[in-house]
1. If you go through region 84-103 one residue at a time, how many are exposed (fewer than 14 other Cβ atoms within 10 Å of the Cβ) and aliphatic (A, V, I, L, M)?
2. If I filter region 33-62 down to residues being among the small types (Gly, Ala, Ser) and part of a helix (DSSP H, G or I), which single residue comes out as farthest from residue 93 (Cα to Cα)?
3. Name the pairs: first residue in region 75-96 and at positive phi, second residue modelled with pLDDT of 95 or more and surrounded by fewer than 16 Cβ atoms within 10 Å (Cβ to Cβ), Cβ to Cβ under 8 Å, at least 6 apart or on different chains?
4. Answer yes or no: is there a residue in region 73-90 that is in contact with a His (Cβ under 8 Å, 6 or more places away or on another chain) and not in a loop (DSSP other than H, G, I, E, B).
5. Identify, please: which residue in region 48-83 is surrounded by 20 or more Cβ atoms within 10 Å (Cβ to Cβ) and among the β-branched types (Val, Ile, Thr) and is, among those, farthest from residue 37 (Cα to Cα)?
6. Does residue 20 fit the bill of being at pLDDT below 95 and buried (at least 18 other Cβ atoms within 10 Å of the Cβ)?
7. Output yes when any residue across region 59-66 is among the basic types (Lys, Arg), at pLDDT below 90 and within 16 Å of the chain's Cα centre (by Cα), and no when none is.
Amino acid sequence: MRILNLLFVLATVAVSCQSKKADSSSEVKEAVVVNAVEVVLNVEGMTCEGCENTVEVGLTKLEGVASVEADHTTGLTKIQVDTAMVSKTKLAETVKKFGYAVK
């Protein structure tokens with residue numbers, strides 16, 4: 001019985017992470033950024049695809065951000081951004097608001 005309960009909890013967590021990614025993807029906006037450069041942040045604390053999605057959607061909402069690709073396995077978040085519109089400091093502050101650390 002304990003094994004079944006454990007499997008249920010693990011399945012619930014896995015579905016939760018996957019559903020966060022699916023539910024939040026509709027919030028991503030189309031951005032037109034003329035002078036985009038790639039900024040890479042080392043983000044600590046991401047543990048799943050749901051975490052990646054939180055970072056991606058949150059940063060994409062900032063004006064001047066064209067695209068975001070977060071990877072919880074490496075901790076790297078690659079951001080295509082117009083640095084004249086948003087600074088690396090602002091990007092890091094935004095990630096920290098979601099509960100992650102930026103190195």
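The values are calculated or read from the model by the stated rules, or taken from the named source; none is laboratory data. Please read all numbers here as calculations on a predicted model, not as lab measurements. In this analysis, Cβ positions are derived from the backbone assuming ideal geometry, glycine residues included, and neighbour counts consider all displayed protein chains.
1. We begin by selecting, within region 84-103, every residue exposed (fewer than 14 other Cβ atoms within 10 Å of the Cβ); these are 84, 87, 89, 93, 96-97, 99, 101, 103.
Applying the additional criterion that residues be aliphatic (A, V, I, L, M) yields 84, 101.
Within region 84-103, residues that are exposed (fewer than 14 other Cβ atoms within 10 Å of the Cβ) and aliphatic (A, V, I, L, M) number 2.
2. The first filter runs over region 33-62 and keeps only residues among the small types (Gly, Ala, Ser), leaving 36, 45, 50, 58.
Still in the list and also part of a helix (DSSP H, G or I): 50, 58.
On the way: 50: 19, 58: 11 Å.
My answer is 50.
3. Pairs that qualify, where the first residue is at positive phi and the partner is modelled with pLDDT of 95 or more and surrounded by fewer than 16 Cβ atoms within 10 Å (Cβ to Cβ), are 75/42; 75/44.
4. Start the filter on region 73-90 by keeping residues that are in contact with a His (Cβ under 8 Å, 6 or more places away or on another chain), which leaves none.
The answer is no, given that none of the residues of region 73-90 is in contact with a His (Cβ under 8 Å, 6 or more places away or on another chain) and not in a loop (DSSP other than H, G, I, E, B).
5. 54
6. For residue 20, the condition - at pLDDT below 95 and buried (at least 18 other Cβ atoms within 10 Å of the Cβ) - is met.
7. First pass over region 59-66, keeping only residues among the basic types (Lys, Arg): 61.
Subset that is at pLDDT below 90: none.
No - not one qualifying residue is present in region 59-66.
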